[in-house]
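Asks: Dumping the structure here so I can ask a few things about it.
Nothing in this text is a laboratory measurement; each read-out follows from the coordinates by a stated rule. This one's a predicted model, so the numbers in the text were calculated from it and none came from an experiment. Here the Cβ positions follow ideal geometry from the backbone for every residue, glycine too, while neighbour counts run over all protein chains shown.
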Amino acid sequence: MVFSRIFGKSGTPEPHDEPDDAEEAPEEAAGEVPEVPDAHDSYAARAARVLVGGASTGSKRVQALLGEDGPTHFVSAAGCRLVTAEGETLVDCGMALGSVALGYAEPELTRAVIEVLAHGSVSGLSPALEVEVAERFCAAVPCAERVQFLKTGAEAMSAAVRIARAYTGRDVVIASGYFGWHDWSSDAAGVPKSITDHRRLIPFDDVAALDAAAADVGDRLAAIVIEPVIERLPSKEWIARARELCDKAGAALIFDEIKTGFRLATGGYQQFADATPDLAAFGKAMSNGHPLAAVCGNAALMGAAEKTWISSTLASESGSLAAAYAVLQWHDRADICASLGDIGREIREAVAAAIEASGVEGVSIEGLDPMWFLRFDAPERETIFLKAAVESGVLFKRGPYNFAAMAHDEEAIREIEAAASAAFVTLRDQDGA
Ligand SMILES: Cc1ncc(COP(=O)(O)O)c(C=O)c1O
C-alpha cells in the first residue's frame, strides 16, 4: 500500500535520520498497514476520536458522505480514481470538491511540483516563481492587474472584502453566495453579531432584492459580493445591475471565482460572461489540488491592500505555485475549459441514460456541464443511490457538485454509466418494495 511505503507500518512518519535507501530496507519500508481487526479500528472510528467532526474538511465528514458504513478515507488517488483505505478503487465524480480539474497526481504537474520542492519550498526571500505565476495569472484573468497569493478560498474572499472596505472607507457589504468559513460571511456560532450586522444577504439572481438592499445601505456600501454561478448561470440583468449600483455608489464589485475559475473559463465567470468585476478571488482548480488561492483586481483597488494588512507566512510556498504554473501552461496549450464542458456533458448524458433506462422517478440532473449534480426528492433516496453506486465502483457527490475532470476518459464514463444504472435500478426496486 502506498501509504505504508511512505509512512511506515504504524502510519507514523519515519524519523528524518532513516536511511535514504528505503528500498534496501524492505522489512521496515514495504510492510502493509496492519489489517483492521474490527469496525472500531477503522479510520472513520479513529478519526471520530481525534479529529474535529471526524474530518478537517466539512464536506468529508461521515454524515456528508455515505454514513457510517460508506468509505471515508483514501490512501492514493491518480487520474479520476481513488483507492480507499479498505483497498477498493472508485471512480471519483466529485474531484475533491472541484479542486482538481486535470486529474489527481497529474504526472507532468506532479513532477514539476516535486522538482520545485526539491529546491526548497520557502526561504527568507520570496521565490522568483511567485513573480512568474503572478504575471501569467494576470495575463489570464480579465480583472487582474495585480494579485496576491494566499492559501484558501475563504482567505482570498476575506482579503477581497477587506480591500474593498479599506479602499472605500466603508463597512457594509451586500452578499450572495457561499464564501467559506470566515467571520465576515458566516452566521455560525462564535461570529459576533457586530460583524454580521455589516453584511446584507440577498438571494441569487434577484434584481429586486439587490435594489432594495442597495437602497437600504445607501452610501455605507463598500462592496457587492457575488458568487456568480450557483446551480445555474445568473441573468445578465442581475450582474449588470450589481455593476451599475457599485459604480453609482463608488463601491467595489467582487466576484467569488473559487469554483468558476479555471473551470467555466480560465478567467472564470467574468471571462465567460464578459463582465469584469473590480476584485475577484480564485482557488480550487487553479492549482489542481495544491493549496493556493488568489485575490486579484484592478490596480487602484489592489493598491488598497497596501493600506491594510494581508499576509501569510506560507502564502508564496513554491510547491503550490509550481502547480499553478503547470495549470496555467495547460490552459495556454489547449482550451481546457471547453474540454471540461464536453466531458461534463458526456457524463451527464450517460447518467441521464441510466435514469431513463431504470425508469426511476424523483431524480433530476441539474447544474452546468462542468459542474453538475443530481437532485433527489428525498435525502434517504439519495443515500440509497450513493451507496449502491459505490458498491459498483463510483463515488458520486451528495448534492452539488460533481465536477468534470480531464481525467474522466471514455472508460471512466462507461464505468460511471454502469454504476449509475445499477444504482438507479437498486433505488427503483427499493421504491417498489
Ligand atoms: C464559491 C466558494 N467560495 C469560497 C469557498 C471557500 O474556499 P476554501 O474552502 O478553500 O476556503 C468555496 C469552497 O467550497 C467556494 O465554493
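Asks: Calculate, in nm to one decimal, what Ala353 and Ala300 gain on full extension: separation in residues at 0.36 nm each, minus their alpha carbon distance. Each step should come with its number before you reach the end.
Replies: Numbers: separation 53, 0.36 × 53 = 19.08 nm, distance 5.07 nm.
Gain on stretching Ala353 to Ala300: 14.0 nm.
Asks: Taking the alpha-carbon distance from Lys236 and a cut-off under 19 Å, which aspartates and glutamates remain once sequence neighbours fewer than 8 residues away in the same chain are dropped?
Replies: Asp205, Asp206, Asp211, Glu227, Glu244, Asp247, Asp256, Glu257, Asp274, Asp278
Asks: Mind checking the angle between helix 236-249 and the chain's longest principal axis? C-alpha axes, 0 to 90 degrees, to the nearest 10.
Replies: Once rounded, the angle reads 50 degrees.
Asks: Taking 0.36 nm per residue of separation and subtracting the Cα-Cα distance, what length does fully extending Arg333 through Glu411 add? Show your work: numbers first, answer last.
Replies: On the way: separation 78, 0.36 × 78 = 28.08 nm, distance 2.44 nm.
Roughly 25.6 nm would be gained on extension.
Asks: What relative contact order, as a whole-number percentage, does the range 283-337 give when Cα pairs under 8 Å and 6 or more residues apart are counted?
Replies: 46 percent
Asks: Still on this structure, please answer the following. Place a +1 charge on the Cβ of each Lys and Arg in the range 122-316 and a -1 charge on the Cβ of each Asp and Glu, then give the dipole magnitude about the Cα centre in debye, rounded to the nearest 20.
Replies: Here the range 122-316 has a charge dipole of around 200 debye.
Asks: Per 0.36 nm of contour for each residue apart, how much would the distance between Val191 and Ser59 grow if the chain were fully extended, relative to their Cα-Cα spacing? Let's see the in-between values first.
Replies: Details: separation 132, 0.36 × 132 = 47.52 nm, distance 2.07 nm.
45.4 nm is the gain from fully extending Val191 to Ser59.
Asks: Further question on the same structure: For the chain, calculate the relative contact order in percent as a whole number, restricting contacts to Cα pairs under 8 Å that are 6 or more residues apart.
Replies: 19 percent
Asks: Another one. Provide the three semi-axes, in whole Å and in decreasing order, of the ellipsoid equivalent to the range 203-296 as defined by the square roots of 5 times the Cα gyration tensor eigenvalues.
Replies: 25, 14, 11
Asks: Can you tell me the Rg and the Dmax, both Å, for the Cα atoms in the range 122-316?
Replies: Cα only, the range 122-316: 15.8, 51 Å (Rg, Dmax).
Asks: For a quick check: sort Thr72, Thr260 by the number of other beta carbons within 10 angstrom, fewest at the front. Write down the numbers at each step before the final one.
Replies: On the way: Thr72 23, Thr260 30.
The order, fewest Cβ neighbours first, is Thr72, Thr260.
Asks: How many percent of DSSP beta bridges within the range 122-316 run antiparallel, rounded to 5? Could the numbers behind the result be given before it?
Replies: Values: 10 of 26 bridges.
Counting DSSP beta bridges with both partners in the range 122-316, the antiparallel share is about 40 percent.
Asks: Another question, if that's okay. Only Cα pairs within less than 10 Å get springs; with that Gaussian network setup on the chain, which residue of Val50, Val191, Val131 has the largest fluctuation?
Replies: Val50
Asks: Return the Rg/Rh value of the range 306-360, two decimal places, where both radii are evaluated on C-alpha atoms and Rh is the Kirkwood radius. Present the calculation step by step, with values, prior to reporting the outcome.
Replies: Working: Rg = 20.1 Å, Rh = 15.2 Å.
Radius of gyration over Kirkwood radius for the range 306-360 works out to 1.33.
Asks: Related question: Can you give the charge dipole size of the range 42-199 about its Cα centre, rounded to the nearest 20 debye, using +1 on the beta carbon of Lys and Arg and -1 on the beta carbon of Asp and Glu? Before the final figure, lay out the partial values.
Replies: Working: 14 positive and 17 negative charges, 92 e Å.
It works out to roughly 440 debye.
Asks: Semi-axes, largest first, in whole Å: what does sqrt of 5 times each Cα gyration tensor eigenvalue give for the chain?
Replies: For the chain, the ellipsoid semi-axes come out as 37, 29, 21 Å.
Asks: How charged is the neighbourhood of Ile384? Take every other residue with its Cβ under 14 Å from the Cβ of Ile384, and add Lys/Arg as +1 and Asp/Glu as -1.
Replies: Net charge in that neighbourhood comes out at -4.
Asks: To the nearest 10 degrees, how steeply does helix 379-391 sit against the main Cα axis of the chain, on a 0 to 90 scale?
Replies: 50 degrees
Asks: Angle check, please: helix 207-217 long axis (alpha carbons) against the longest principal axis of the chain (alpha carbons), in degrees 0 to 90, nearest 10.
Replies: The helix 207-217 is inclined about 60 degrees to the chain.
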